[in-house]
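One structure is given here, and the rest of the page talks about it.
Only the coordinates and a few stated rules stand behind these numbers; no lab work does. As the structure is a computational prediction, the values presented were derived from the model and not from experiment. When we count neighbours, we look across all protein chains shown, and the Cβ atoms used for this are built from the backbone with ideal geometry, even at glycine.
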Amino acid sequence: MDITNELLIEHLARYHFSVPHIYGRTLDFATGVGYGAHVIAKKCKHGLEEIIGVDIDSNAIQYAKANYYHPLSNFKLADVTDPTLPDQLGTFDVILSFETIEHIEDEDQYMANIYHLLKPGGTLILSTPFGEGKGKSCGSPFHVHQMTENEFLSMFDQFQKKRFFYQKGALIEPIESSQMDHKPLGIVIAYK
């Protein structure tokens, strides 16, 4: 990984941004190759019971297991839209899901899984890039679509409390005080 890769810096910034919110049992939903789960395991080892990283890509999980071992982390092959995941994995105090929802066809099942996997009072931290909206092509062959800012803001009504942020590169700002002229990414911290 090239440390000057802005996409990598952006991804790492979200994990570091999450550190103050991590406790107990944590799920990294669509962990990829596992570096983010490793950051959390290393930075949060005193308040963390365990972090489980799940991903649908067997090569990514194999890489994570081989390269990011930590006694508090575990990596599992799983589909984030599998309706049996809550039975398989149990519940979590914190769920992280970064740059995932835009890849998901069955968005409703994905969000239902998150809600059922999250303990009452638990914390969800989720991010996605903004684009032209649901059902519209977005230029990325890997994305189903990229939702608008308003579509993103309306997705978390079932949560008790939520706070929204914009991210541009490594900079993450609360929506209410953001000075960004272009807002490429949204982040939510939502409490069940």
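Couple of notes before you dig in:
- Treating r as the C-beta distance of GLU176 and SER137 and R0 as 45 Å, the FRET efficiency rounds to 0.90.
- Phi-based couplings in Hz for the stretch 145-159 (Karplus 6.51, -1.76, 1.60; Gly and Pro marked x): 6, 10, 6, 6, 4, 5, 4, 5, 4, 8, 7, 10, 4, 6, 8
- About the Cα centre, charge dipole magnitude for the stretch 6-191 (Lys/Arg +1, Asp/Glu -1 at Cβ), debye: 700
- Residue-wise HN-Hα couplings along the stretch 170-186, as the Karplus relation 6.51 cos²θ - 1.76 cosθ + 1.60 with θ = phi - 60° gives them from phi, are 7, 7, 10, 10, x, 3, 5, 10, 5, 10, 5, 7, 10, 10, x, 9, x Hz; Gly and Pro carry x.
- Taking amide H as placed 1.01 Å from N in the peptide plane, the amide H of LYS76 sits under 5 Å from that of GLY53, VAL54, ASP55, each at least 5 places away or on another chain.
- Column: log10 I(q)/I(0), Debye, Cα scatterers of the chain, q = 0.17 Å⁻¹: -1.19
- Overall, the stretch 109-184 carries a charge dipole of about 240 debye about its Cα centre when +1 sits on the Cβ of Lys and Arg and -1 on the Cβ of Asp and Glu, all other atoms neutral.
- 3J(HN,Hα) couplings calculated from phi for the stretch 86-100 with the Karplus curve 6.51 cos²θ - 1.76 cosθ + 1.60 (θ = phi - 60°) are, in sequence order, x, 6, 6, 9, x, 10, 9, 6, 9, 10, 9, 8, 9, 6, 10 Hz; Gly and Pro show x.
- Shape call, the stretch 1-94: gyration tensor on alpha carbons, a/c limit 1.5: oblate
- Residues whose placed amide H lies under 5 Å from that of GLY131, excluding near-sequence neighbours: MET147, THR148, GLU149
- Added length on full extension, which subtracts the Cα-Cα distance from 0.36 nm per residue, GLU50 to ASN5: 13.3 nm
- Taking amide H as placed 1.01 Å from N in the peptide plane, the amide H of ILE95 sits under 5 Å from that of LEU27, THR123, LEU124, ILE125, each at least 5 places away or on another chain.
- Zone residues, the stretch 1-37, relative to ASP57, backbone N less than 19 Å from point 7 Å out along Cα-to-Cβ: 1-15, 28-37
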